[in-house]
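My questions all concern the structure below.
Coordinate-derived values only; no laboratory data. Keep in mind that this is a model prediction, so the values were computed, not measured. Note: ideal-geometry Cβ built from the backbone for every residue, glycine included; neighbour counts use all protein chains shown.
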């Protein structure tokens with residue numbers, strides 16, 4: 001089971017895009033609200049109904065914890081004490097922990113980024129604490145930690161998570177079915193007339 005955490009102000013494309021790609025790969029993904037209510041509103045007004053409220057018992061059988069960014073959602077994730085302890089426990093067990101955009105601040109708040117390589121949304125570098133910041137990368141993988149820079153990195157982020165949890169052929173098939181690699185070879189990104 002993969003758990004994706006939601007708080008009001010989450011970045012919709014990062015949460016829903018990642019959820020979609022992971023489910024296409026055959027992973028069981030549950031959205032958990034940390035707000036005390038199942039209906040959560042994204043940073044751009046999209047309303048999403050989480051699968052469940054976040055409880056400690058959700059974390060017993062998990063393969064990965066995924067934190068989308070967006071503000072103030074990422075700040076809420078970073079200050080949630082129960083989530084902070086869960087992140088620490090999962091890091092200790094070597095399980096995959098992934099955070100995108102502003103959400104790596106929650107990893108720093110949990111003390112997981114000490115001398116680890118990471119990225120975050122540009123301009124938020126101070127939120128990484130003493131991590132080794134990479135400004136020129138969409139996605140940074142350091143051991144069990146995966147961080148990504150922002151909304152434009154969503155595909156890369158989700159596929160990096162999938163590659164950790166699924167057979168390569170499954171991820172390759174999903175990439176092909178979404179035209180992930182094919183478009184760059186045959187299409188011009190933008191045509192202006």
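Using a Gaussian network model on the chain with a 10 Å cutoff between Cα atoms, which of 25, 101, 166 fluctuates the most?
Between 25, 101, 166, it is 166 that shows the largest mean-square fluctuation.
On a C-alpha basis, how far is the centre of region 67-109 from the centre of region 150-180 in Å? Whole number, if you could?
Region 67-109 and region 150-180 have Cα centres spaced 21 Å from each other.
Here is a further query. Compute the Rg to Rh ratio over the chain from the alpha carbon atoms, using the Kirkwood formula for Rh, and round to two decimal places. Present the calculation step by step, with values, prior to reporting the outcome.
Numbers: Rg = 16.0 Å, Rh = 16.6 Å.
For the chain, the value is 0.96.
Additional query: Taking the C-alpha atoms of region 1-53, how large are the radius of gyration and the largest Cα-Cα span, Dmax, in Å?
Considering region 1-53 through its Cα atoms, Rg and Dmax are 10.4, 29 Å.
Rounded to the nearest 500 deg cm²/dmol, what is the calculated helix-only ellipticity per residue at 222 nm for the chain, with -39500 (n - 2.57) per DSSP H run of length n ≥ 4? Present the calculation step by step, with values, prior to reporting the outcome.
Numbers: 7 runs with 65 residues, N = 193.
Value at 222 nm, helices only: -9500 deg cm²/dmol.
May I ask you to sort 6, 19 by Cβ crowding, counting other Cβ atoms within 10 Å and putting the fewest first?
Values: 6 29, 19 21.
Lowest count first: 19, 6.
Hey, got the Cα dimensions of region 97-167 along the principal axes, in Å, largest first?
Principal extents (largest minus smallest coordinate, Cα): 35, 22, 17 Å.
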